[in-house]
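Just so you know, all these numbers are worked out from the coordinates, no wet-lab data involved. It should be emphasised that the depicted structure is a prediction, and the values quoted were computed from it without experimental measurement. Cβ atoms come from the backbone with ideal geometry, glycine included; neighbour counts cover every protein chain shown.
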């Protein structure tokens with residue numbers, strides 16, 4: 001009985017640690033929702049700042065993954081890193097910044113905003129919902145849940161409708177976004193979601 005309680009305690013602690021890391025990581029994710037606002041008022045400086053942030057992160061993370069701790073950057077990476085990323089170069093922030101920059105360069109302001117907000121809210125909230133109260137797992141998706149996918153759909157629909165004021169477009173973008181998010185793409189959904197959904201708004 002004592003051993004059983006000990007095991008339950010260890011499992012609960014691990015779950016809480018995982019949830020705390022996910023919350024911290026996705027808070028950063030959701031904060032990218034401010035990028036369209038910055039680009040509206042100062043597009044070129046905003047893109048240049050993103051490029052600079054991406055380059056600085058790559059340098060700092062390369063040093064960290066080779067055993068050289070970088071103040072603040074290493075602490076943030078350690079606090080946000082998934083178990084699969086431990087002792088490795090954490091790629092997520094690179095694909096996040098690259099996806100946002102690509103969407104901003106490829107599409108007009110409205111389409112880019114849809115893609116970036118879908119990434120910020122859809123992907124960000126889906127993960128939090130799945131980790132917090134997800135019960136129904138989708139097969140072959142590495143742990144994705146129905147609850148997370150529904151949250152993703154609702155978040156993308158809301159943000160897209162806010163930008164486009166088009167219900168049909170919002171339904172299409174939200175459906176495709178939720179389908180992309182449920183795929184086991186690891187960190188590469190950060191690239192695909194803003195680029196692909198921005199393209200949908202542009203051409204459809």
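If each residue's Cβ is checked for other Cβ atoms within 10 Å, how do 125, 162 rank with the fewest at the top?
Ranked by crowding around the Cβ, least crowded first: 162, 125.
For the residue pair residue 65 and residue 146, what label-to-label distance in nm results when each label sits 7 Å from Cα along the Cα-to-beta-carbon direction?
Once both label points are built, they end up 3.8 nm from each other.
Can you compute the modelled spin-label distance between residue 88 and residue 186, with each label point 7 Å from Cα toward Cβ, in nm?
The modelled label-to-label distance comes out at 0.4 nm.
Could you state the number of Å between the C-alpha centres of the range 126-163 and the range 55-72?
32
Can you give the relative contact order of the range 33-203 as a percent, counting alpha carbon pairs under 8 Å and 6+ residues apart?
25
Report the full-extension gain for the segment residue 105 to residue 133: residue separation times 0.36 nm, less the Cα-Cα distance, to one decimal in nm.
Full-extension gain reported as 6.4 nm.
Give me the number: length gained by fully extending residue 165 to residue 48, i.e. 0.36 nm times residue separation minus the C-alpha to C-alpha distance, one decimal in nm.
Taking residue 165 through residue 48 to full extension adds about 39.1 nm, to one decimal.
Please rank 25, 20, fewest neighbouring Cβ atoms within 10 Å first, as an exposure proxy.
Least crowded to most crowded, the residues run 20, 25.
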